[in-house]
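Notes follow once the structure below has been shown.
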Amino acid sequence: TNVDVDAAERYLVTGSYDKTVRVWSLPEGRLLRVLRPPIGEGDEGKIYAVAISPDGETVAAGGWDQEDSIYLFNRATGELRQRLTGHQNVIHHLAYSPDGRYLVASLGGQNGIRVYRTSDYRLQAEDTDYDSRSVWAEFDAQGRLVTSCDDGYIRLYDNRFNLLTK
């Protein structure tokens, strides 16, 4: 499973191989809502990655499905707001920038990362020069992005998503 909390630590989200995303209240840990992305047989619909926007309003979830989707849910209502598709492999990790302006996805295969601007969830940047699956990505307080990959490299990008070092 994967977990994330909003900036104010009011909500915790979890994603699971049971094909659900759950929203919990903090600090008491009470289940508030179960979010259900589309599912199918076998691995179809398993959730490998979740993130909640810093303001706690949007839950992003991804994992294994035929269209390699990231699902964007309204945390309060459970409504599926948007589906980002075409990632060409499994979504392994999702993270919002601390200011909430960007969402990064770490992708399977040799597909690298994709960064979306959250104002409209359009692609802002991508790096496909990875030799294996990207397994983690995080933003720092200055908006820089760091990623890790099974190819053995850690990559650091500036706040405009230009590669600084590998």
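Miscellaneous remarks
- The figure for Val146 is an accessible area of roughly 60 square angstrom, using a 1.4 Å probe on the protein chains alone.
- Residues in segment 13-63 average 43 Å² of solvent-accessible surface per residue, probe 1.4 Å, ligands and nucleic acids excluded.
- Modelled label positions at Asp99 and Asn74, each set 7 Å beyond Cα in the direction of Cβ, lie 2.7 nm from each other.
- A simple spin-label model places the labels of Glu138 and Arg81 2.5 nm from each other, with each point 7 Å out along Cα-to-Cβ.
- Look at (i) 30; (ii) 16; (iii) 39: the one that is percent of Cα pairs over 28 Å apart derived from this structure is (ii).
- Percentage relative contact order, segment 86-166, counting C-alpha pairs under 8 Å, at least six apart: 22
- Accessible-area composition of segment 35-90, carbon plus sulfur, in percent [1.4 Å probe]: 41
The values are calculated or read from the model by the stated rules, or taken from the named source; none is laboratory data. Computed from a predicted model, the values in this text were never measured in an experiment. Counting neighbours? That spans all protein chains shown, and the Cβs are built from the backbone with ideal geometry, glycine included. The area values use the complete protein model at the heavy-atom level, side chains included, leaving out ligands, DNA and RNA. Shrake-Rupley method; radii C 1.70, N 1.55, O 1.52, S 1.80 Å.
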